[in-house]
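Written below as structure tokens is the structure these notes are about.
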Amino acid sequence: MTIESRLAELGVTLPDAPAPAANYVPFVVTGNLVHVSGQISQTEGGLITGKLGDTLHIEAGAAAAKRCAISLLSQLKRATGGDLERLVRVVKLTGFVNSTPDFTDQPKVINGASDFLVEVLGDKGRHARSAVSAASLPFGVAVEIEAIFEIA
């Protein structure tokens, strides 16, 4: 099964890759690695904002992280000229969670992205990862995630 057909089976349509919000590029391809800049939590309807431990619960944070993963795949698709089948594996995710100082469940939030990538990609989706707290994130979003992918 192709990645695109697996996404379709799950009812997920990749949006157009979001444009950068400042003076940077959305991804850099070097050798067989694609470094994707941080993707913020957003849907077609707008930004997913809030602070974990205050206005958002873990489940909402995990859903926001899943949306970041969808944007990461959109950027990867663009980086591979539209051919997601070039993906060898997800190498690493670094997840940032907008949270209160006493919130300690950042890994549970970023699981929203990790679980989604494994659901879509199988073993290719298993990756190294960091999940850290941030006092705030751009535009007040709940989650931002960057990734490194290996491609053929």
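A short reminder: the numbers here are calculations on the coordinates, not readings from a lab. Every value quoted in this text rests on a predicted model; they were computed, and no experiment measured them. Don't worry about glycine lacking a Cβ; one is built from the backbone with ideal geometry, like all the others, and counts go over all protein chains shown.
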**OP:** Output the peptides 57-63, 2-8, 18-24 sorted from most to least packed, where packing is the average of other Cβ atoms within 10 Å over each peptide's residues.
**Re:** 57-63, 2-8, 18-24
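Only helical DSSP H runs with n ≥ 4 go in: add -39500 (n - 2.57) per run for the chain, normalise by residue count and round the 222 nm mean residue ellipticity to 500 deg cm²/dmol.
Mean residue ellipticity, 222 nm, calculated: -9500 deg cm²/dmol.
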**OP:** Kindly state, to the nearest 0.05, the FRET efficiency for residue 2 paired with residue 136, given R0 = 35 Å and r defined as their beta-carbon distance.
**Re:** 0.35
Original post:
Given that compact globular proteins tend to follow 2.2 N^0.38 Å, what is the ratio of the alpha-carbon Rg of segment 1-86 to that value?
Top reply: 1.19
**OP:** Divide the volume of the convex hull of the Cα atoms of the chain by its number of residues and quote the answer in cubic angstrom per residue.
**Re:** 102 Å³
Subject >> DSSP beta bridge pairing in the chain, given as percent antiparallel to the nearest 5 >> reply: 70 percent
**OP:** Normalising by the residue count of segment 42-151, find the relative contact order in percent from Cα pairs under 8 Å and 6+ residues apart.
**Re:** 41 percent
